[in-house]
Each structure stands twice: as structure tokens, then as C-alpha cells.
Amino acid sequence: MELFDAPQRASRWCEKHRAEGQRIGMVPTMGALHEGHLRLVERAASENDLCIASIFVNPLQFNERSDYDAYPRDLERDAKLLGRHGCDMAFTGALVDFFPGHDEPAGIELLDPGPFAEGLEGEYRPGHFAGVRTIVERLFLTCRPDRAYFGEKDFQQTLVVRDLAGILGFPEVVVCPTVREPGGLAMSSRNRRLSEAQRIEATAIYRALDAARAAWRAGERNRGALRAIMHRVLAGSALQVEYVDVRDPRHWSDDDPSRDVQQGQALIAARCGAVRLIDNMRLDA
């Protein structure tokens, strides 16, 4: 696997292989890779001629400087894992490499995050999706992949990215199922910061989502009722809940709890100690 320390070198590599007619699948990451990332890499490698990955902890999408500083970084480990799982090229870089003339976030013009940034993560993390959309556009324009692979765990993010790709006209955005630990906890780089006791406590998020899915299968369609079911499960835990919701992805801005929905995505954000966790589950799958 080739590893580049600047996006400009990655761009030239991709341009060369596109000119040869090869299709490129891309997995954007912030490093600290886990099994969920590696599943994305394996799928990208299997569905394209070449698989590439970016490794960049994007300061534009962090609301809290302490969270950015605490984000785990181990480029050597990540590169070895990518190579073992079928990645052909990975690249990293400093902020100034992606945004020439800016070695700090201040002064970088952020993109409008679009309609799917409304509510939930958009409310609790102001500016987060503007930062995500800004760096993802830069990554797409750098590499011009045919397909880009994202995990469903960050469900609202996948909607924001698909909206961006629709405007750019590329790439095809492939959303892959959430990979979970044995107790149901969604795999995340943040899980490294949980103690063993906290990992057990955090499984209440999965149990709440699963309870909503069971109610859906039993015929419940009312958003308010489904939210109440999840709240009851979470109330028995020590988690600090930020939001619990059920939304129809086709009508994202509709947050009326009295409405019934025919497609439902249950979404939860909660803090377990100092660690913020998010998860979701498709109810009508």
C-alpha cells in the first residue's frame, strides 16, 4: 500500500489511475481505525478496481477543543491495518495542506451543511455538519472517487454527504451497516475511552433502539410512542441522554411527535461519563 503525507500527492496518484480507466472506491476516515472502518475498506476493495482511504482528524467538525485534542491518533497502526484489508493508497496531511493559507480553522469559509443538518446532531453540535461537509467536499475534489463508503452509525452525516454528492454529481455514496460489539454497542473510535463498566452501561443505547424496533414490528407507528419506549429503557441507565427521536429520512425536517411514520429511523445521542455516543437503527428494515 502507498502512504502519502499530502493530499496533493494523493490527487496525482488518483488522476494517473483514473486515466488508466480504473474505478476508485474511497473510505474517508479520521483514523483510530476499528472493525467498522475495516469493513468499509473491504467492501470498497471488493467493489472497485482500487481502494483508497484518507486519515485526517478534521478540526472543523469538532465543537469542543478538548474532544479534538483527545481524539486518538496512531498513523502507523492505521496504515498497517488498511494495507492488510485491501487498501491500495492512503493519505493524510495537515490542515494547511487541505486549505492552503490556513494552518488554523479560523478564516476557513465553511459550506452550508444543507437541509439534512437540521435538528439532532445539527442542534447539539452547532457547526459540526458545516465542518464535515467542507472537508468531505475537499476530499472528494482531491481524489474524485467513483464511490465513497460511509458507516450507517453516523446516519445524519450520511444524509448530509449524499446531498453534497448530489450537488457535485459524484461520487456514488455507499452506506454500510453499523458494526457492533458483542453487547450491541456500535463500534466507534470513542469507545476506546470507555471503561469496561461504561461499555456495559452504554449497551442501554442498543437496547433502547431494539425495543423501538420490536414495537414497530408489533405495529406501532407513532413517533411519540416510539420515543417514549426508548426513553423508558434509557431511564434505567446512568447515561445522560441528549436526544431520542424517530424520523422518516424522506421527510427529515418533520419532527412532529404526534405523527405516524411509514419509514422510521430511530436515533439516540447520550453521554457515558465524558464520552459522547450516537447510534441509530432502521425500524422498517
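The values are calculated or read from the model by the stated rules, or taken from the named source; none is laboratory data. The structure displayed is predicted, hence computed values, not measured ones. A quick note on method: Cβ atoms are made from the backbone with ideal geometry, for glycine too, and the neighbour counts reach across all protein chains shown.
Tabulated values for the structure
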read-out	value
Residue that is modelled with pLDDT under 95 and over 19 Å from Ala165 (Cβ atoms), where the choices are Pro105, Pro100	Pro105
Enumeration of residues in the range 242-259 that are hydrophobic (A, V, I, L, M, F, W, C) and over 13 Å from Glu121 (Cα atoms)	Val246
Residue within the range 225-243 that is polar (S, T, N, Q), in a loop (DSSP other than H, G, I, E, B) and modelled with pLDDT of 95 or more present	yes
Matching residues in the range 262-285 - criterion: being surrounded by 21 or more Cβ atoms within 10 Å (Cβ to Cβ), of a type outside the set (A, V, I, L, M, F, W, C) and within 12 Å of Arg217 (Cα to Cα)	Gly264
Given (1) surrounded by 14 or more Cβ atoms within 10 Å (Cβ to Cβ); (2) within 30 Å of His251 (Cβ to Cβ); (3) small (Gly, Ala, Ser), number of the condition Gly93 does not satisfy	(2)
Matching residues in the range 1-51 - criterion: being in contact (Cβ under 8 Å) with a residue 24 or more places away in the chain and basic (Lys, Arg)	Arg9, Arg18, Arg23, Arg39, Arg43
Count of the range 236-253 residues which are touching a helix residue (DSSP H, G or I) at 6+ places or on another chain (Cβ under 9 Å), free of Cβ contacts under 8 Å to residues at least 60 places away in the same chain and surrounded by fewer than 15 Cβ atoms within 10 Å (Cβ to Cβ)	2
Which listed residue, of Gly119, Gly131, is at pLDDT 95 or above and either assigned by TED's automatic domain parsing to the domain that holds Arg250 or touching a helix residue (DSSP H, G or I) at 6+ places or on another chain (Cβ under 7 Å) (or both)	Gly131
Evaluation of Val41 against (1) closer than 27 Å to Leu110 by Cβ; (2) of a type in the set (A, V, I, L, M, F, W, C); (3) surrounded by 19 or more Cβ atoms within 10 Å (Cβ to Cβ) (one fails), failing number	(1)
Selected residue [in a loop (DSSP other than H, G, I, E, B), under 27 Å from Gln265 (Cα atoms), touching a helix residue (DSSP H, G or I) at 6+ places or on another chain (Cβ under 6 Å) and not hydrophobic (A, V, I, L, M, F, W, C)] from Pro105, Pro113	Pro113
